[in-house]
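The values are calculated or read from the model by the stated rules, or taken from the named source; none is laboratory data. Keep in mind that what you see is a predicted model, and the values were worked out from it rather than measured. Cβ: placed from backbone, ideal geometry, glycine included. Neighbour counts: every protein chain shown. Note: accessible area is taken over every heavy atom of the protein model, side chains too, but ligands, DNA and RNA are not part of it. Shrake-Rupley method; radii C 1.70, N 1.55, O 1.52, S 1.80 Å.
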Amino acid sequence: MTTTAPPPTTPPATPHLPLRSARLPRSAPALVAVASLAAAGVLALLLGWGIIAWAVVAGLLHLVAITVWSRAVENPRAATDRFVTSLIWMALIIAFVPLVSLLYIVVENGAGQIDGQFLTYSMRNVVGEGGGIYHSLVGTLLITLGATVISVPIGLMTSIYLVEYGARSKVAGWIRFLVDVMTGIPSIVAGLFAFALFALIFNDPGIHFGIGGSVALSLLMIPIVVRSAEEMLKLVPGDLREASYALGVPKWRTIVKVVIPTALPGIITGVTLAVSRVIGETAPLLIIAGSTDSSNFNLFGGQMSTLPVFIYYSYTQPGLNPEFAQGRAWGAALVLIVIVMLLNLLARVLGKAFAPKTGR
Amino acid sequence: MSAGTDDRASFERNTDLMAKSIDVSDLNIFYGSFLAVEGVNMTIPARSVTALIGPSGCGKSTFLRTLNRMHEVIPGARVEGKVVVDGNSLYDPTIDPVEVRRQVGMVFQRPNPFPTMSIADNVLAGLRLNNKKLKKSEAEDVVERSLKGANLWNEVKDRLGKPGMGLSGGQQQRLCIARAIAVRPQVLLMDEPCSALDPISTSAIEDLIHELRTDYTIVIVTHNMQQAARVSEDTAFFNLAGAGKPGRLIEMSPTKKIFSNPDEEATEAYISGRFG
Ligand SMILES: Nc1ncnc2c1ncn2[C@@H]1O[C@H](COP(=O)(O)OP(=O)(O)O)[C@@H](O)[C@H]1O
Ligand SMILES: [Mg+2]
């Protein structure tokens with residue numbers, strides 16, 4: 001450690017390695033993009049193109065320009081890299097176009113609708129202007145809550161069976177297959193099933209109530225919960241189970257106290273995704289939950305309006321003053337989107353809160 | 001977990017530490033139809049350290065896991081023969097495997113603290129997960145005693161509430177040892193506990209094994225012959241007749257004898273590094 005360094009000698013003449021090569025400036029892609037947009041814009045103005053033609057020409061110009069420039073200054077490998085990088089960026093932008101334009105249009109049409117009255121009034125005795133979505137908001141929240149309460153225990157227990165008990169057994173194989181089939185059930189069929197089931201049970205061919213909607217939605221939710229929870233439980237290292245068994249902890253308590261807490265953040269995310277998936281369902285609720293203008297807090301009796309059904313009727317049967325009904329439909333759509341976004345945020349917060357901490 | 005039969009009742013935990021000897025006779029160990037270890041006979045003395053050595057795949061881990069019935073956790077795994085701990089035949093149908101594991105603790109090759117728990121909760125896991133109600137002062141006592149027993153107390157006493165995963169590998173392994181001794185087992189099984197650790201952590205754990213020897217019966221699998229020579233009183237050498245053949249116990253003798261003058265040619269060859 002403390003040996004004196006040998007006297008400095010002249011370094012041996014190493015052959016020069018071509019490690020350095022010319023690079024485009026860091027801002028090159030941005031520069032080329034701006035230039036391409038401008039050039040295509042000039043063409044568009046001169047020739048009277050629409051926005052789509054302008055974007056397509058700008059994209060093509062950018063691809064050609066960046067590749068040629070890179071080839072001239074850098075090398076062929078860098079040119080290919082730049083070409084593919086640009087392609088991927090464009091794919092990303094194209095993927096974002098529908099999302100952004102959808103959000104933009106919903107916000108543009110819906111934001112003006114939303115005020116205190118809109119959120120706290122039902123549509124009872126409202127003709128034309130005024131009224132609100134309170135009844136549908138309550139209906140959506142209650143029915144989705146009901147569906148979650150039904151689906152999460154069933155889905156979670158099924159996935160526990162699949163991972164911890166069934167594993168590679170025949171029964172588990174069949175359950176997995178059936179769950180996959182369930183994933184593909186059209187939502188209208190789920191609604192018809194729930195309707196037929198309750199119509200038979202209560203011998204009432206015109207039955208409408210909220211919990212029926214919950215049952216229909218849970219048919220759509222359960223497979224999602226099962227599959228996502230199964231994946232999460234499978235990710236829990238076998239080491240942890242063995243560590244728990246080796247302490248003399250019985251299997252079921254190992255599952256409840258070690259496996260599930262470790263997988264909890266992922267399970268919460270999966271449940272939220274499942275809720276987001278069903279909260280906008282229209283068809284099954286149209287059939288079994290029905291539609292009403294008044295607030296109904298009772299899941300077990302009477303028709304219940306929900307946001308998607310409200311939107312559907314407001315648009316298809318706007319009544320005498322269509323502009324008011326359609327405005328309310330946009331407002332309701334915006335509220336629905338906001339609910340889904342809040343749910344996703346909540347899932348992230350909960351996931352963070354329950355995530356195993358490393359303390360580093 | 002109620003003590004249903006007399007057999008089980010006699011297997012209930014004693015509050016003072018009672019190290020036990022283990023008698024293994026004619027033990028065959030299977031994974032499904034694959035015979036992994038064949039015909040093991042040995043007596044593991046109480047309050048001493050027994051090392052298991054041998055080439056990879058000869059069934060040391062497999063054998064070790066039959067001593068606390070962890071082997072059967074693997075689907076299709078089973079054993080034939082007898083393992084007797086303190087007069088109880090572990091594979092008797094009246095014996096509850098869960099109860100066995102409470103008395104025969106285990107430390108694994110890779111440290112595996114519970115990621116959702118703090119350092120203190122990891123130590124208490126064996127008690128808490130078994131729904132044992134502990135007063136706060138009792139819990140603190142258990143944590144302190146176990147962490148001191150595992151030579152970890154001084155390093156973590158200021159951050160007992162912090163996650164166990166935040167410790168270094170060597171500290172995590174000592175945390176796992178603390179977790180294992182917190183339930184006061186009579187036997188402690190260790191499967192290559194130092195193979196993932198640096199030399200300093202390894203020597204900390206070897207010191208710990210020296211100290212634990214007075215209270216526990218310890219069985220340790222190791223790949224490191226110097227370690228076997230340093231920590232154990234007796235050494236058992238396992239070997240494979242060939243690929244696909246079952247592993248066998250070749251010889252078991254006092255460690256001094258194994259490393260100076262073994263009975264079997266194969267042991268001599270393995271120890272002197274001529275194969276394996
Ligand atoms: N979970 C398992 N399923 C099937 N075979 C296994 C399993 N674990 C180990 N084996 C086999 O049992 C034999 C002994 O393995 P192991 O006990 O891990 O050896 P060692 O610990 O001495 O290296 C090997 O042939 C191995 O392939
Ligand atoms: Mg091993």
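Can you tell me which residue within the stretch A:118-154, out of those that are part of a loop (DSSP other than H, G, I, E, B) and among the polar types (S, T, N, Q), is nearest to A:I287 (Cα to Cα)? That would be A:S122.
Inspect the stretch A:135-145 for any residue being over 25 Å from the mean Cα position of the chain (by Cα) and either crowded, with 20+ Cβ neighbours inside 10 Å or closer than 30 Å to A:I288 by Cα (or both) and give the result as yes or no. Yes, the stretch A:135-145 has at least one match. Restricted to the stretch A:298-345, and to residues there that are more than 17 Å from A:I288 (Cα to Cα) and in a loop (DSSP other than H, G, I, E, B), the residue that is most open to solvent (accessible area, probe 1.4 Å) is A:L320.
Every listed requirement among (1) modelled with pLDDT under 90; (2) under 20 Å from A:A111 (Cα atoms) is met by A:G359 save one, (2). The single condition among (1) crowded, with 20+ Cβ neighbours inside 10 Å; (2) in a helix (DSSP H, G or I) that B:D207 does not meet is (1).
In the stretch B:53-84, the qualifying residues are those that are within 14 Å of chain A (Cβ to nearest Cβ) and hydrophobic (A, V, I, L, M, F, W, C), and the one that is nearest to ligand 2 (Cβ to nearest atom) is B:L64.
Within the stretch A:346-360, the set of residues being within 14 Å of chain B (Cβ to nearest Cβ) and either out of contact with any helix residue (DSSP H, G or I) (no Cβ under 9 Å at 6 or more places or on another chain) or not in a helix (DSSP H, G or I) (or both) comprises A:A355, A:P356, A:K357, A:T358, A:G359, A:R360. Filtering the stretch A:209-223 to residues that are modelled with pLDDT under 95 and either closer than 16 Å to A:I160 by Cα or surrounded by fewer than 20 Cβ atoms within 10 Å (Cβ to Cβ) (or both) leaves nothing. The set of residues from the stretch B:152-173 being within 13 Å of chain A (Cβ to nearest Cβ) and crowded, with 17+ Cβ neighbours inside 10 Å comprises B:V156, B:L160, B:K162, B:P163, B:G164, B:M165, B:G166, B:L167, B:Q171, B:Q172, B:Q173.
For the stretch A:253-272, the set of residues classified as within 7 Å of chain B (Cβ to nearest Cβ) and either farther than 12 Å from A:K234 by Cα or free of Cβ contacts under 8 Å to residues at least 40 places away in the same chain (or both) consists of A:R253, A:K257, A:V258, A:P261, listed by residue number. Could you check, for the stretch A:162-185, whether at least one of its residues is touching a residue at least 12 places away in the same chain (Cβ under 8 Å), open to solvent by less than 50 Å² (accessible area, probe 1.4 Å) and among the hydroxyl-bearing types (S, T, Y)? No: zero hits.
Selection of the stretch B:172-208 for residues being of a type in the set (A, V, I, L, M), within 15 Å of the chain's Cα centre (by Cα) and within 16 Å of ligand 1 (Cβ to nearest atom) yields B:L189, B:M190. Report yes if B:R128 is within 16 Å of ligand 1 (Cβ to nearest atom), of a type outside the set (F, W, Y) and within 14 Å of chain A (Cβ to nearest Cβ), otherwise no. Here the answer is no, as B:R128 does not meet what is asked.
When the residues of the stretch B:107-116 are narrowed to those that are more than 7 Å from chain A (Cβ to nearest Cβ) and in contact with a helix residue (DSSP H, G or I) (Cβ under 6 Å, 6 or more places away or on another chain), which ends up most open to solvent (accessible area, probe 1.4 Å)? It would help to see each step written out before you state the result.
Step one: of the stretch B:107-116, the residues more than 7 Å from chain A (Cβ to nearest Cβ) are B:107, B:109, B:111, B:113.
Okay, now just the ones that are also in contact with a helix residue (DSSP H, G or I) (Cβ under 6 Å, 6 or more places away or on another chain), so B:107, B:111, B:113.
On the way: B:V107: 2, B:P111: 33, B:P113: 5 Å².
So, considering only residues that are more than 7 Å from chain A (Cβ to nearest Cβ) and in contact with a helix residue (DSSP H, G or I) (Cβ under 6 Å, 6 or more places away or on another chain), the one most open to solvent (accessible area, probe 1.4 Å) is B:P111.
Answer yes or no: is there a residue in the stretch B:136-149 that is surrounded by 18 or more Cβ atoms within 10 Å (Cβ to Cβ), more than 16 Å from ligand 1 (Cβ to nearest atom), assigned to a loop (DSSP other than H, G, I, E, B) and of a type outside the set (S, T, Y). Among the residues of the stretch B:136-149, not one is surrounded by 18 or more Cβ atoms within 10 Å (Cβ to Cβ), more than 16 Å from ligand 1 (Cβ to nearest atom), assigned to a loop (DSSP other than H, G, I, E, B) and of a type outside the set (S, T, Y), which makes the answer no.
Restricting to the stretch A:118-134, give me the number of residues that are within 20 Å of A:Y315 (Cα to Cα) and either open to solvent by 60 Å² or more (accessible area, probe 1.4 Å) or within 19 Å of the chain's Cα centre (by Cα) (or both).
Filtering the stretch A:118-134 down to residues within 20 Å of A:Y315 (Cα to Cα) leaves A:118-119, A:121-134.
If we keep only those that are either open to solvent by 60 Å² or more (accessible area, probe 1.4 Å) or within 19 Å of the chain's Cα centre (by Cα) (or both) as well, we get A:119, A:121, A:124-125, A:127, A:129, A:134.
Number satisfying all stated conditions: 7.
Is it fair to say B:I119 is within 16 Å of ligand 1 (Cβ to nearest atom) and of a type in the set (V, I, T)? Considered against the rule, which asks whether it is within 16 Å of ligand 1 (Cβ to nearest atom) and of a type in the set (V, I, T), B:I119 comes out as no.
Residue by residue, here is whether (1) under 30 Å from B:L90 (Cα atoms); (2) in contact (Cβ under 8 Å) with a residue 40 or more places away in the chain holds:
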site: B:R179; (1), (2): yes, yes
site: B:L188; (1), (2): yes, yes
site: B:D198; (1), (2): no, no
site: B:Y216; (1), (2): yes, yes
site: B:F238; (1), (2): yes, yes
site: B:R248; (1), (2): yes, yes
site: B:F259; (1), (2): no, no
site: B:E265; (1), (2): no, no
site: B:I271; (1), (2): no, yes
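Given the residues B:S201, B:S195, which is the only one that is modelled with pLDDT under 90, outside any strand (DSSP E or B) and within 16 Å of ligand 2 (Cβ to nearest atom)? Result of the check over B:S201, B:S195: B:S195.
In this structure, does A:A229 turn out to be assigned by TED's automatic domain parsing to the domain that holds A:L141 and within 26 Å of the chain's Cα centre (by Cα)? So that I can check it myself, show each step before the final result.
Numbers: assigned by TED's automatic domain parsing to the domain that holds A:L141: yes; within 26 Å of the chain's Cα centre (by Cα): yes.
Here the answer is yes, as A:A229 does meet what is asked.
Selection of the stretch B:26-62 for residues being open to solvent by 30 Å² or more (accessible area, probe 1.4 Å), more than 8 Å from ligand 1 (Cβ to nearest atom) and within 16 Å of the chain's Cα centre (by Cα) yields B:T43, B:P45, B:A46, B:R47.
For the stretch B:93-106, the condition holds for no residue, the condition being that it is at pLDDT below 90 and either open to solvent by 30 Å² or more (accessible area, probe 1.4 Å) or within 14 Å of ligand 2 (Cβ to nearest atom) (or both). Of all residues in the stretch B:236-262, those being open to solvent by less than 50 Å² (accessible area, probe 1.4 Å) and either hydroxyl-bearing (S, T, Y) or assigned to a helix (DSSP H, G or I) (or both) number 3.
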